[in-house]
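Here's the structure we're looking at; comments come further down.
The values are calculated or read from the model by the stated rules, or taken from the named source; none is laboratory data. Keep in mind it's a predicted model, so treat the numbers as computed, not measured. Virtual Cβ from ideal backbone geometry, glycine too; neighbours counted across all protein chains shown.
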Amino acid sequence: MPELRDAKWELHAGGDTWRLPLGENLTRNADNMARQLFTSVTLENAPNDAAIPGVDATLIPKMTAFEQSSGAFAWTEATTSIVMQWTLKDAKNGVIWADTLRADVKGSLGTAFTRNANTDKRTAEAIEKVFHDSFAAISAAPEIRKLAANKR
């Protein structure tokens, strides 16, 4: 999961660069969610999208997009969006299930004094929403339920 662990958002404007590291939060949430969904979880630092040898299934999370809108005025509505792709592979590297989920959170852009806090709040809400929706999608997927039933 090095790609997920290193996830970040960057904005380059006027010679300045703003960075918002996301990887630690995404990795922690993916690990916690997997532990709630599956009976046995091992966190691997695999550098590719291949299934992990010797396990029944490998859940591969990827952040495919993170976007923030902006505006010129404090009262402008801003949107923070995150897109997560999930792939569950079997021991033979075959895809059991895959889905892409998007979370959009809207809120006030804010003034120079509140803009960073508002951005942090929208980001936290977007991450929470995408993991909530991911949990629901994974736990309801017929392909995953069938795999779990066959392992009992």
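With respect to Asp56, determine if the residue is charged (D, E, K, R) and either more than 23 Å from Ala140 (Cα to Cα) or at pLDDT below 80 (or both).
Taking the combined requirement at face value, the residue does not satisfy it.
Pick out the one residue from Ala74, Ala78, Ala65, Ala137 that is over 16 Å from the mean Cα position of the chain (by Cα), modelled with pLDDT of 85 or more and of a type outside the set (Val, Ile, Thr).
Just a single option satisfies the conditions, and that option is Ala78.
Name the single residue, out of those in the stretch 103-127 being more than 20 Å from the chain's Cα centre (by Cα) and among the hydroxyl-bearing types (Ser, Thr, Tyr), that is nearest to Thr76 (Cα to Cα).
Among those residues, the one meeting the criterion is Ser108.
Please go through (1) in contact with a Ser or Thr (Cβ under 6 Å, 6 or more places away or on another chain); (2) over 17 Å from Ala137 (Cβ atoms) for Gly71 and return the number of the only condition it doesn't satisfy.
(1)
Out of (1) exposed (fewer than 14 other Cβ atoms within 10 Å of the Cβ); (2) without any contact (Cβ under 8 Å) to a residue 12 or more places away in the chain; (3) of a type outside the set (S, T, N, Q), the odd one out for Val41 is which?
Against the list (1) exposed (fewer than 14 other Cβ atoms within 10 Å of the Cβ); (2) without any contact (Cβ under 8 Å) to a residue 12 or more places away in the chain; (3) of a type outside the set (S, T, N, Q), Val41 comes up short only on (1).
Can you name every residue in the stretch 22-54 that is out of contact with any Asp or Glu (no Cβ under 6 Å at 6 or more places or on another chain), under 17 Å from Phe131 (Cα atoms) and not hydrophobic (A, V, I, L, M, F, W, C)?
Scanning the stretch 22-54 gives Glu24, Asn25, Thr27, Arg28, Asn29, Asp31, Asn32, Arg35, Gln36.
Looking only at residues that are of a type in the set (S, T, N, Q) and out of contact with any Ser or Thr (no Cβ under 8 Å at 6 or more places or on another chain) in the stretch 88-113, which one is modelled with the highest pLDDT? Let's see the steps before the verdict.
To start, the set of residues in the stretch 88-113 that are of a type in the set (S, T, N, Q) comprises 93, 100, 108, 111.
Now narrow it down to the ones that are out of contact with any Ser or Thr (no Cβ under 8 Å at 6 or more places or on another chain): 93, 111.
Values: Asn93: 88, Thr111: 79.
Residue satisfying both the conditions and the ranking: Asn93.
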